[in-house]
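Undergrad: Dumping the structure here so I can ask a few things about it.
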Amino acid sequence: MRLWSLDPALLDRRGLVACWREALLAQKVLQGLTVGYKNHPQLDRFRDQDDPVASVGAYLAGLANEADSRGYSFNRSLIVESVGSPQKIAVTQGQLTLEAAVLLEKVKDRDADWYQDLTSLRAAVKGGSSEDIEAHPLFDVVVGDVEPWEKATAPPSTT
């Protein structure tokens, strides 16, 4: 399961669709409707919120907004509605940099054209300039290293 902290606009088609499906699974897990994935570390940051289901719903809405902008049709009726708006979730600059490197490595192999379009992201990762990496609208970027729940390591090459 990969719930990207990155701005959904950075995700290629396959990445956006996979993230949508995994976030829907995360929503079910946080609702207590599944047996598996209950202890998945990617869910910790949502579970730590006052209303975890509302937080993952806001995350899904951000993905759906990006899908809409591309002319895709994500079924918004699958998003569990909440009464209030969830608080922003902190994500560290180190986490964004790691995720950007992981994304670049994946996209390089599966969508060369999209990879070429990510010029500024490649430059930010190569130069260690995490301030230039955009986060998903649910997240608030703070100074810090890779998040403690992260299991991925930086790929050997992202250029």
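Undergrad: When you go through 146, 102 one by one, which is the residue that is β-branched (Val, Ile, Thr), within 19 Å of residue 20 (Cα to Cα) and surrounded by 14 or more Cβ atoms within 10 Å (Cβ to Cβ)?
TA: Of 146, 102, the one residue that is β-branched (Val, Ile, Thr), within 19 Å of residue 20 (Cα to Cα) and surrounded by 14 or more Cβ atoms within 10 Å (Cβ to Cβ) is 102.
Undergrad: Taking the conditions exactly as written (out of contact with any His (no Cβ under 7 Å at 6 or more places or on another chain) and without any contact (Cβ under 8 Å) to a residue 12 or more places away in the chain), does residue 113 satisfy them or not?
TA: Spelling it out, residue 113 is indeed out of contact with any His (no Cβ under 7 Å at 6 or more places or on another chain) and without any contact (Cβ under 8 Å) to a residue 12 or more places away in the chain.
Undergrad: Restrict the check to the stretch 107-127 and report whether at least one residue is modelled with pLDDT of 95 or more and in contact with a Gly (Cβ under 8 Å, 6 or more places away or on another chain).
TA: Within the stretch 107-127, one or more residues are modelled with pLDDT of 95 or more and in contact with a Gly (Cβ under 8 Å, 6 or more places away or on another chain).
Undergrad: OK, next. Could you list all residues from the stretch 128-152 that are more than 19 Å from residue 62 (Cα to Cα) and at pLDDT 85 or above?
TA: Once the filter is applied, which keeps residues that are more than 19 Å from residue 62 (Cα to Cα) and at pLDDT 85 or above, the stretch 128-152 yields 142, 143, 144, 145, 146, 147, 148, 149, 150, 151.
Undergrad: Given the conditions (1) under 22 Å from residue 65 (Cα atoms); (2) touching a residue at least 24 places away in the same chain (Cβ under 8 Å), which single one is not true for residue 125?
TA: So residue 125 meets the others, but not (1).
Undergrad: Quick one: in the stretch 45-69, which of the residues that are loosely packed, with under 14 Cβ neighbours inside 10 Å and not hydroxyl-bearing (Ser, Thr, Tyr) is nearest to residue 15 (Cα to Cα)?
TA: Across the stretch 45-69, the extreme among qualifying residues is 68.
The values are calculated or read from the model by the stated rules, or taken from the named source; none is laboratory data. The shown structure was predicted, so the numbers you read here are calculated from the model rather than taken from an experiment. Positions of Cβ are backbone-derived with ideal geometry, glycine not excepted, and every protein chain shown enters the neighbour counts.
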